[in-house]
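Q: Attaching a single structure in structure tokens format; questions to follow.
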Amino acid sequence: MLKKRIIPCLDIKDGRTVKGISFVNLRDAGDPVELARAYAEQSADELVFLDISATDEGRKTLAPLVEKIANAINIPFTVGGGITTREDVSVLISSGADKVSVNTAAILNPPLIAELADEFGSQCVVVAIDAKLVDGTWVVSTHGGKRVTTLPAITWAREAERLGAGEILLTSVNRDGTGEGFSLDITSAVSDNVNIPVIASGGAGSPEHFREVFAETGCTAALAATLFHYGIIKIPELKDFLMRNNVAVRNRPPV
Amino acid sequence: MIAILKYNSGNTMSVQVALHRLGYESVVTSDPEILLKADRVIIPGVGEARSAMNHLKERSLDLLILSLKQPVLGICLGLQLMCKRSEENDTECLGIFNTIVRRFPPDERVPHMGWNSFESLSVTPLLNGLKQEDDLYYVHSYYAELNNDTKAVCNYILPFSAAMQHDNFYAVQFHPEKSAEAGARLLKNFLEL
């Protein structure tokens, strides 16, 4: 049986992890490679790295970092943040990234999705959608939710699929960082409207939130950041909880 | 020496670093002499069948692969290229495995993406130490039908070939290079055949 995936997300700035990390004793909690290795050992199913560098200088640290991550871990990982061109993607994929996620650039230039799918294969192309509930409608937002468009999130998800996206990373801006649980309604609606896998994101605060989103929506993966970084939930314990509650997840093989 | 076939559809770096983690050095090459001499040849694969087959044929690498006598391992698209034909752009493939590669039915969630276990496993050196409940990482929209060379069956929507073997040709649909300990085990089995 195909397992539901648990995906920690790491924010990277100028080659370093930014959010506070306290879930495990690391020699250097700011080192994304060490953190990635620790998550892989905890049975994370995939990892997402989001580059939030504000400067070109900071961005230049990404490709060498991706190469180090690829050498260090034996699970798939996605890299996103600030990707705007085919060349950006080519550098990341040849550095060892399995997938890339595109967000604003795809909204501004939808043919980019098709271009990337043709060249690198759909399985490499994750379209990240930041959905925000505005006047009763989930619309696509940009710039971390600060700007909203009039484009309904469901419409955009379907268009992304048609253009060749291999997966949707759906973040509820309303719930992100609240710990109140995933937005089940939009996660369900998007999952039902596309045939590609959907990763639910934004709002995870307890193991029950993961159970709920897997049980009540068609998403096949769930992503969280703070919760894992601060050790509020440890991945092996989360997986034990999900298994006890009839959600199929990959367990760490006995050592 | 281990050779990883360099062509237009390989995630060669991931395979190379996975081998390195196991303590094996490898070369990424399309040089026929090196490929013929290698102790093991790995055909990785991420991409589309027709452009991959065209690329191989233009360089006569299709005939070279068929002439190999050492253990050869196809991964993902590599497995599909070793079959007779693929529905992906109606592509004539290498024909090592007498089976057809089909697309998962429309209106189902594809690609089949994530960790999946086996429906059944044969006792064979390639799968030594792997158990039915072990999860491996898959990403694919096409699958090889079950056939006489099927050594492991995975089920997603329907049962399909997760691992196959015909003489010295081995193939897996999952990505052992991205499948944590279980994947490492499979690669090690192949290298120690």
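Q: Roughly what % of DSSP beta bridges within segment A:5-244 run antiparallel, to the nearest 5?
A: Among the beta bridges of segment A:5-244, antiparallel pairing accounts for roughly 25 percent.
Q: Now for a different question. What ranking, highest mean first, results for peptides B:151-159, B:69-77 when packing means the other Cβ atoms within 10 Å averaged over each residue?
A: B:69-77, B:151-159
Q: Another question, then. Given an 8 Å cut-off on Cα distances and at least 6 residues of separation, report the relative contact order of chain B as a percent. Provide the component values of the computation, followed by the final result.
A: Working: 437 pairs, mean separation 36.8, N = 193.
Relative contact order here is 19 percent.
Q: Continuing with this model, one more query. Partner chain Cβ atoms within 10 Å, averaged over the residues of A:115-125 - can you pull that number for me? Don't skip to the answer; put the middle values down first.
A: Details: counts 0, 0, 0, 2, 1, 2, 10, 5, 8, 4, 0.
Averaged over the peptide's residues, the number is 3.
Q: Could you sort B:13-19, A:203-209, A:164-170 so that the peptide with the highest average Cβ count within 10 Å comes first and the rest follow in order?
A: Taking the mean over residues of other Cβ atoms within 10 Å, the ranking is A:164-170, B:13-19, A:203-209.
Q: In addition: Would you list, by chain and number, the aspartates and glutamates whose Cα falls below 17 Å from the Cα of residue B:151, excluding same-chain residues fewer than 8 positions away?
A: B:119, B:133, B:134, B:135, B:167
Q: Kindly identify segment B:1-60 as rounded, prolate or oblate by the Cα gyration tensor criterion: order the square roots of the eigenvalues as a ≥ b ≥ c, call it rounded if a/c is under 1.5, otherwise compare a/b with b/c, prolate if a/b is larger, else oblate.
A: oblate
Q: Evaluate peptide B:105-115: per residue, the Cβ atoms of other protein chains within 10 Å of its Cβ; return the mean as an integer.
A: Partner-chain Cβ atoms within 10 Å, mean over residues of B:105-115: 6.
Q: Could you work out the Kirkwood radius for the protein assembly as shown, taking every pair of different alpha carbons, averaging 1/r and inverting it, reported in Å?
A: The answer is 22.1 Å.
Q: Restricting the count to DSSP beta bridges whose residues both fall in segment B:2-191, what percent are antiparallel, rounded to a multiple of 5? Numbers along the way, then the final one.
A: Numbers: 22 of 39 bridges.
If I count the DSSP bridges inside segment B:2-191, around 55 percent turn out antiparallel.
Q: Follow-up question, since we're still on this one. Take every Cα-Cα distance within segment B:20-163, group them into 5 Å bins from 0 onward, and report for each bin the whole-number percent of pairs it holds.
A: Binned Cα distances yield the sequence 2, 9, 18, 22, 20, 16, 11, 3, 0, 0.
Q: Now a separate question. Enumerate the lysines that residue B:57 could reach by cross-link, defined here as Cα to Cα under 23 Å, with residues fewer than 8 away along the same chain left out.
A: Hits, sequence-local ones excluded: B:6, B:37, B:69, B:84.
Q: Same structure, new question: On each of the three principal axes of the Cα atoms of chain A, give max minus min coordinate, whole Å, ordered largest first.
A: Between the extreme Cα coordinates on each principal axis of chain A lie 47, 41, 33 Å.
Q: If you don't mind, there's one more thing I want to ask. What is the magnitude of the charge dipole of chain B about its Cα centre, with +1 placed on the Cβ of each Lys and Arg, -1 on the Cβ of each Asp and Glu, and no other charges, expressed in debye to the nearest 20?
A: About 240 debye.
Q: In addition: Sort B:2, A:12 so that the residue with the fewest other Cβ atoms within 10 Å of its own Cβ comes first and the one with the most comes last.
A: Ascending Cβ contact count within 10 Å gives the list B:2, A:12.
Q: Relative contact order for chain A: what is it in percent, counting Cα pairs under 8 Å that are at least 6 residues apart?
A: 19
Q: Can you compute the helix-only [θ] at 222 nm over chain A? Use -39500 (n - 2.57) per DSSP H run of at least 4 residues, normalise by all residues, nearest 500 deg cm²/dmol.
A: -10000 deg cm²/dmol
Q: Express the C-alpha Rg of segment B:125-193 as a ratio against the empirical globular expectation 2.2 N^0.38 Å, rounded to two decimals. Walk me through the intermediate numbers first.
A: Values: Rg = 11.4 Å, N = 69, 2.2 N^0.38 = 11.0 Å.
After normalising by residue count via 2.2 N^0.38 Å, the value is 1.04.
Q: With a ≥ b ≥ c the root eigenvalues of the C-alpha gyration tensor of segment A:101-176, is it rounded (a/c under 1.5), prolate (a/b larger than b/c) or oblate?
A: Cα axes put segment A:101-176 in the prolate bin.
Q: Considering every residue in A:164-170, what mean count of other chain Cβ atoms within 10 Å of its Cβ is obtained? Don't skip to the end; give the middle numbers.
A: Working: counts 0, 0, 5, 3, 0, 0, 0.
Across A:164-170, the average partner-chain Cβ count within 10 Å equals 1.
Q: Among all the lysines, which ones have a C-alpha under 18 Å from residue A:132's C-alpha, if same-chain residues fewer than 8 places away are not counted?
A: A:146
Q: If the limit is 23 Å between Cα atoms, which of A:4/A:234; A:4/A:68; A:99/B:131; A:60/B:178 go over it?
A: On the way: A:4/A:234 16 Å; A:4/A:68 27 Å; A:99/B:131 28 Å; A:60/B:178 26 Å.
From A:4/A:234; A:4/A:68; A:99/B:131; A:60/B:178, over 23 Å: A:4/A:68; A:99/B:131; A:60/B:178.
No value in this document is a laboratory result; all are computed from the given coordinates. Since the structure is predicted, the reported quantities are computational estimates derived from the model, not experimental observations. All Cβ positions, even for glycine, are placed from backbone atoms using ideal geometry, and neighbour counts span all protein chains on display.
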